[in-house]
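Below: one structure, written as structure tokens.
Read the figures in this text as sums done on the coordinates, not as results from a lab. Bear in mind that the values here come from a model prediction, so they are computed numbers and not experimental data. All Cβ positions, glycine included, derive from the backbone under ideal geometry; neighbour counts span all protein chains shown.
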Amino acid sequence: MLSAAVEQLLLPAECVVCHALLTPRDAHRVVCPVCRKRWRAVRPPWCNRCGQPEPNFGPCRLCAAWPGALQSVRSAVWLEEGARQAVHALKYGGLPRIADDLAAAMGGQRPPADGPSALIPIPLAAKRLRERGYNQSEVLARALAQQWRIPVLLDALVRTRETPTQTALTPDTRLANVAGAFALRIDDCGLRIGNLPIKSAIRNEQFAIVLVDDVFTTGATLAEAARALEQTGARRIQGVTFARAAIPDFT
Ligand SMILES: [Zn+2]
Ligand SMILES: [Zn+2]
């Protein structure tokens, strides 16, 4: 991954989505203002908990099996066209600066400032991390941390096993697919929130942990990560993602 400064020198100042030249005012951007405006925001009415558009009838099935501590999940925009290209650039393009543009679109998801909070990116499995060289959720979490002025806890949450790719799975099989895939490694990490060691801090009812991922599909990954946190005593967990993929035939 290139450092932001080197990246700025090497790359022409053009939008990564539409390739229009960026004006000097937007030279620090990776996506131009026109393309950013085209991202279609996820809006209510939605399930208050998982942020999915309201089901046609009956209660929401998507979040029914989630662990109790996972209180709300929101996504900024729908995963379509330009937003999909932006996620692709974050994931495979090695453009760390694009995370600033994605994080800016997530401004409405900042947790309320009524208590201490920390961001935790969804970790990649070790093998995938080696292949890609960086974790896109961590890059996004770092950008959010800077914009929201909230600490980010790196390496606290780990993947304990490789999970097969989720793309072709139904919501139920996705949940089974990631079961037990995460663990919290905070015992000896020495991290502190204020003057409390992180292990005690996350048990505080006021303490909000915000899980960060690039894309929400069924929420199975966030739910499983939240389960690992809940088992360690976390009481209040939220999830934020840049994009949300529409699930075909799921209402
Ligand atoms: Zn553009
Ligand atoms: Zn729901």
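Bridging of residue 127 to lysines at a Cα separation below 18 Å is possible for 91, once same-chain residues fewer than 8 apart are set aside.
Under 12 Å from the Cβ of residue 42, count the other residues' Cβ atoms, weight Lys and Arg +1, Asp and Glu -1, and hand me the total. Charge balance near residue 42 sits at +3. Taking the Cα centre of the range 123-162 as reference, the dipole from Cβ charges on Lys and Arg (+1) and Asp and Glu (-1) amounts to some 80 debye.
Using the Cβ of residue 138 as centre and a radius below 13 Å, the other residues enclosed give a net charge of +2, where K and R count +1 and D and E count -1. Amide H contacts of residue 208 (H built 1.01 Å from N, in plane; Pro and chain starts excluded): 117, 118 sit under 5 Å, all sequence-distant by 5 or more or on other chains. For residue 131 and residue 18, the FRET efficiency from 1/(1 + (r/R0)^6), where r spans their Cβ atoms and R0 equals 41 Å, is about 0.90. Seen through its C-alpha gyration tensor, with square-root eigenvalues sorted a ≥ b ≥ c, the range 79-150 comes out oblate because a/c lies at 1.5 or above while a/b is not bigger than b/c.
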